[in-house]
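These notes concern the structure reproduced below.
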């Protein structure tokens, strides 16, 4: 898996600013991810920025405020996306260009060898399979994956007394990363006796999944004595057909990975593959 973080992106942009012509008058970010890249470039180069929708209404953003475009001051536009593969986003922008009197330069931070034909500028060729930090939690690798619950789908409980305070915590837990894809297995160290509460929370938050696997101990004390959180999850992962496990805790993620060296484990707390 070719994986790039936000820090990787920032360094990549810094090292490739020289590729961007100095006569750029306006930068357009292609929603959504292209807006992030366009903003970083605009800040470094002190350039004005807009979106395709704003551009169609002759509006630019400068110094945190929006104002109408003076057509006499805009001649060269840099159109920016985070990545290019099929070229669909860039082709769609070109098809819907409002002002044909402007010069458009097309840039993507990352591209494949196929995608570079749609660009004037690119910073790095990254072939498939690839994924980025800014879309990893809602990408194709989520489909059929194994998910930790606390710390991934929802916040970690602040209280773990195995009593009413804990029950209130998990009943009212705030959601964290709810993927649009159907999860294969939710594997949690919550105890089996909390299945009903957990399933209700998952329904309320529209989490789609096939199976929910929980620890079979009777009490928190039994679970703590066993100290087998990572091993439990690693065994579930090993016995599944899933290729990716999303785990919150870095220590547990490493245990899961050691038990499954040929599968992918993503640590959500650090936003890295271990």
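The values are calculated or read from the model by the stated rules, or taken from the named source; none is laboratory data. None of these values were measured; they are calculated from a predicted model. Cβ sites come from the backbone with ideal geometry, for glycine too, and all protein chains shown count toward neighbours.
Could you check segment 209-243 and list, in sequence order, the residues that are in a strand (DSSP E or B) and farther than 11 Å from residue 148 by Cα? Show your work before the answer.
In the first step, residues of segment 209-243 are kept if they are in a strand (DSSP E or B); the result is 209-215.
Residues satisfying the conditions are 209, 210, 211, 215.
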Enumeration of residues in segment 77-90 that are over 20 Å from the mean Cα position of the chain (by Cα) and over 11 Å from residue 115 (Cα atoms): 77, 78, 79
Where residue 174 falls short, out of the listed (1) touching a strand residue (DSSP E or B) at 6+ places or on another chain (Cβ under 8 Å); (2) in contact (Cβ under 8 Å) with a residue 24 or more places away in the chain; (3) exposed (fewer than 13 other Cβ atoms within 10 Å of the Cβ): (2)
Yes/no for residue 190 being free of Cβ contacts under 8 Å to residues at least 60 places away in the same chain, in the same structural domain as residue 236 (by TED's automatic domain parsing) and loosely packed, with under 15 Cβ neighbours inside 10 Å: no
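Could you grab me the full set of residues in segment 108-121 that are part of a strand (DSSP E or B) and either within 21 Å of the chain's Cα centre (by Cα) or not assigned by TED's automatic domain parsing to the domain that holds residue 7 (or both)?
Once the filter is applied, which keeps residues that are part of a strand (DSSP E or B) and either within 21 Å of the chain's Cα centre (by Cα) or not assigned by TED's automatic domain parsing to the domain that holds residue 7 (or both), segment 108-121 yields 108, 109, 110, 111.
Among 179, 198, which is buried (at least 19 other Cβ atoms within 10 Å of the Cβ), in a loop (DSSP other than H, G, I, E, B) and not assigned by TED's automatic domain parsing to the domain that holds residue 128? If you could, list the steps in order and put the result at the bottom.
Values: 198 fails: in a loop (DSSP other than H, G, I, E, B).
After ruling out the rest, the residue left standing is 179.
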Selection from segment 87-107 of residues that are within 15 Å of residue 37 (Cα to Cα), assigned to a strand (DSSP E or B) and without any contact (Cβ under 8 Å) to a residue 60 or more places away in the chain: 106
